[in-house]
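The values are calculated or read from the model by the stated rules, or taken from the named source; none is laboratory data. Just so we're clear, the structure is a prediction, and the values are computed from it rather than from any experiment. Note that each Cβ is placed from the backbone with ideal geometry, even for glycine, and that neighbours are counted across all protein chains shown.
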Amino acid sequence: MSSSPHVSYSQSVLPLFMGKNRNTTFVLDTSNGMNAFMGPVKNLIIQTLTAKASLRDSLFNIISVSYKATAWSSNMLPCTPGIVYQALNWIHTLQTSPGRDLYTALALAFTDPACQSVHLVTCGLPDNPTQCLASLSTLVTRPVHTFHVSNIPMNNDISDFLHCVSSTTRGSCYNMSVNSENVVEV
């Protein structure tokens, strides 16, 4: 019975998070607002990368974003078991801190020509929502699939912003929550 949340998790969230595009940059909000969700979201990213690595047909990168954007790698790397294993150490060290500079994180993701899509996991508005939205028309964009994680309903400002990002980039928008077993659900 204890494994049923894991099965539900794998069957609903994981395919959405793996995405349709093979080469994905995961942009993870590591602002203080994500503190309650960091463990489950890290597990989601680890499970996604492990599943993608078994296919051996894609590239990936991870960018954490708080007051600054920090990329795990300077460019996308093959999603193979060995490289994913190297990324796990970095993922485990991620901690929350103030700020949410999404503009810099998206610009960093879009500079890699191998990137086919961005998966943004966040719990709130960036520090610079106007600049971030305005920049989408000037950057060479890829689809941005937004994953809002919260255990309360999304407010209108966050909803409008995320829907604008996803529609401007021809991405999609999802709401996620963390259940009582600390598992991410859609």
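The rows are residues; the columns are (1) within 22 Å of Cys115 (Cβ to Cβ); (2) at pLDDT 90 or above.
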| residue | (1), (2) |
| --- | --- |
| Val140 | yes, no |
| Asn155 | no, no |
| Ser172 | yes, yes |
| Glu181 | no, no |
| Glu185 | no, no |
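Does the stretch 90-111 hold any residues that are buried (at least 19 other Cβ atoms within 10 Å of the Cβ) and farther than 18 Å from Gly19 by Cα, and which are they?
Within the stretch 90-111, Ile91, Leu94, Arg100, Asp101, Leu102, Tyr103, Thr104, Ala105, Leu108 meet the criteria.
Output the residue which, of all residues in the stretch 31-47 that are out of contact with any strand residue (DSSP E or B) (no Cβ under 8 Å at 6 or more places or on another chain) and within 15 Å of Glu185 (Cβ to Cβ), is surrounded by the fewest Cβ atoms within 10 Å (Cβ to Cβ).
The selected residue is Gly39.
Please list, ordered by first then second residue, the pairs with beta carbon atoms under 8 Å, 6 or more apart or interchain, first in the stretch 53-72 and free of Cβ contacts under 8 Å to residues at least 60 places away in the same chain and on the phi > 0 side of the Ramachandran plot, second surrounded by fewer than 21 Cβ atoms within 10 Å (Cβ to Cβ) and part of a strand (DSSP E or B).
As it stands, the answer is Arg56/Pro78, since those pairs meet every condition given.
Test of understanding: among Ser54, Ser74, which residue is at pLDDT below 95 and over 15 Å from the mean Cα position of the chain (by Cα)?
Sole residue among the options that is at pLDDT below 95 and over 15 Å from the mean Cα position of the chain (by Cα): Ser54.
Does the stretch 30-50 hold any residues that are without any contact (Cβ under 8 Å) to a residue 40 or more places away in the chain and either farther than 21 Å from Ser177 by Cα or touching a Pro at 6+ places or on another chain (Cβ under 6 Å) (or both), and which are they?
The one that is without any contact (Cβ under 8 Å) to a residue 40 or more places away in the chain and either farther than 21 Å from Ser177 by Cα or touching a Pro at 6+ places or on another chain (Cβ under 6 Å) (or both): Thr50.
Which residue, of Phe17, Phe26, is modelled with pLDDT under 95, among the aromatic types (Phe, Trp, Tyr) and under 22 Å from Leu108 (Cβ atoms)?
Criteria check complete, one pass: Phe17.
Looking at Met76, Met154, can you tell me which residue is free of Cβ contacts under 8 Å to residues at least 60 places away in the same chain, aliphatic (A, V, I, L, M) and touching a His at 6+ places or on another chain (Cβ under 9 Å)?
The match here is Met154.
Please specify each residue of the stretch 24-44 satisfying the condition of being among the hydrophobic types (A, V, I, L, M, F, W, C) and in a strand (DSSP E or B).
If the condition is that a residue be among the hydrophobic types (A, V, I, L, M, F, W, C) and in a strand (DSSP E or B), then Phe26, Val27, Leu28 are the ones that fit.
What number of residues within the stretch 45-87 satisfy the criterion of being touching an Asp or Glu at 6+ places or on another chain (Cβ under 7 Å) and assigned to a helix (DSSP H, G or I)?
Adding up the residues that qualify gives 0.
Could you check the stretch 111-155 and list, in sequence order, the residues that are of a type in the set (Gly, Ala, Ser) and either in contact with a strand residue (DSSP E or B) (Cβ under 8 Å, 6 or more places away or on another chain) or in a loop (DSSP other than H, G, I, E, B) (or both)?
Matches in the stretch 111-155: Ala114, Ser117, Gly124, Ser137, Ser150.
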